[in-house]
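Student: Here it is, the structure in full.
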Amino acid sequence: MKTVTLESTISGERLDVFLASNIPDLSRSAAQKLLASGGVTLQGKVLAKNHKTSLGEVYSAELEEAEEPVALPEDIPLNIVLEDDDLIVINKPQGMVVHPAPGHFSGTLVNALLFHCGDSLSGIGGVKRPGIVHRLDKDTSGLIIAAKNDRAHLALANQLSSRTLTREYEAVVRGVLKSDSGKIDAPIGRHPTDRKRQAVARLQAREAVTYYEVVTRFYGVPGGFGGSGSSGYTHVRCRLETGRTHQIRVHMAHVGHPVVGDFVYGMKKPELGMSVQCLHAARLKFEHPSSGESVELCAELPEYFLGVLGKLKGLEG
C-alpha cells in the first residue's frame, strides 16, 4: 500500500471526481470503490462517498501499489537517426507505443530498445521506462531520445527542464490560421471529467507554452473531405517551450484549430483520410552530454503526412 496526500483547491466538488482527476491512473469507479472501502480519510476520519470537497482540506488516500510490468527484449526494427555510447535517437513510427502500459505490454519502443541496446540503457526510468528521456504519443511519429547511462540521462533531463533541449513538430490543423506565427500560453491540467484527456485549465494546471508558425495555408475543402464548417487547413510548425501531455493537440484545439485526425480533441470522424493525429516530431536540438557540442537532428515527413499534404495540393494560398 502507498499513501497519497492531496489538498483540495476548490469547494463543492464530488470527492470521487476530485480523486479521479488528481490521482494518475485512478478511474472514477475505482475512486468510488476506494471511498466505499474506507480508504480515504481527513485528519484520520474516514470520509463517506458523498463527501464534497472544501477549500484547503487535506485528504489521505490508501492505494494498492500496482506491480510494474517488466519489459522484455523484442526484435523490432528501429529507424536509428543517431547512436553512440551515451544516447540513441529513434525516428518512431506512428502507431508505436513508447513504453509498456496496460494493454500494451509488448511491441513498444522500450521492448525494441532492450533488444538493440541490451543492458546499456539508463536505469533512471525504472523497469517500465529504461532510458526514456521524453515521450511521444502512440500516434505521433518522429524523433525521440533514449539515454544509455544515468549520467547522460540526467544531463538531457536537465536540458529539458531548463528548456535548452528544443523540440519542433509539424502538423496539419483544421482551419486557416490568420497569423503567420504566434505564441499559445495556456496552462494545461487533467480534464475535470475525462481522466484520459488534458485541458486548458485555471486550477491544478501547469504552465504550458507553444510557439507556432505557418508553413502553408490551404483554402477550401478537397472533394470528399473536411465536412461542413471547414474553411481550409494549415500546415504548421510548432516548438515546445514546455512538455505537457498532449500539449500541441490541446493548445491547437484551444485556439480553434485542432490537429487533423485527432479524435480526442478535434473531429470525431476521419478527416483527410486520417483517423489519428497528423503530428510529427520533426526536429531536435540539444547539447551532447559528453562532448558539449550542439546536435541538430531532422526527421523527414513520413508517408502518412505527405499523403495528407497531397490531398490538399492545389489549394495553397
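Student: Return the ratio Rg/(2.2 N^0.38 Å) for region 166-311, where Rg is computed over Cα atoms only.
Tutor: Scaled against compact globular proteins, the figure is 1.09.
Student: Can you list residues whose amide H is under 5 Å from Glu271's amide H, if they're 5+ apart or on another chain and H is modeled 1.01 Å from N?
Tutor: Amide H to amide H, under 5 Å and 5 or more residues apart or across chains, Glu271 pairs with Gly261.
Student: Over the chain, what relative contact order in percent results from Cα pairs under 8 Å that are six or more residues apart?
Tutor: 15
Student: Right, something else. Please sort 36-48, 178-190 by packing, taking for each peptide the average over its residues of neighbouring beta carbons within 10 angstrom, highest first.
Tutor: Listed from highest to lowest mean packing, they are 178-190, 36-48.
Student: Oh, and also: For region 2-63, what is the convex hull (Cα atoms) projected area averaged across all directions, in square nanometres?
Tutor: Convex hull of Cα atoms, orientation-averaged projection: 3.5 nm².
Values quoted throughout were computed directly from the atomic coordinates according to the rules given, and no laboratory measurement underlies them. What you see is a predicted model, and the numbers here were worked out from it, not measured in a lab. Cβ sites come from the backbone with ideal geometry, for glycine too, and all protein chains shown count toward neighbours.
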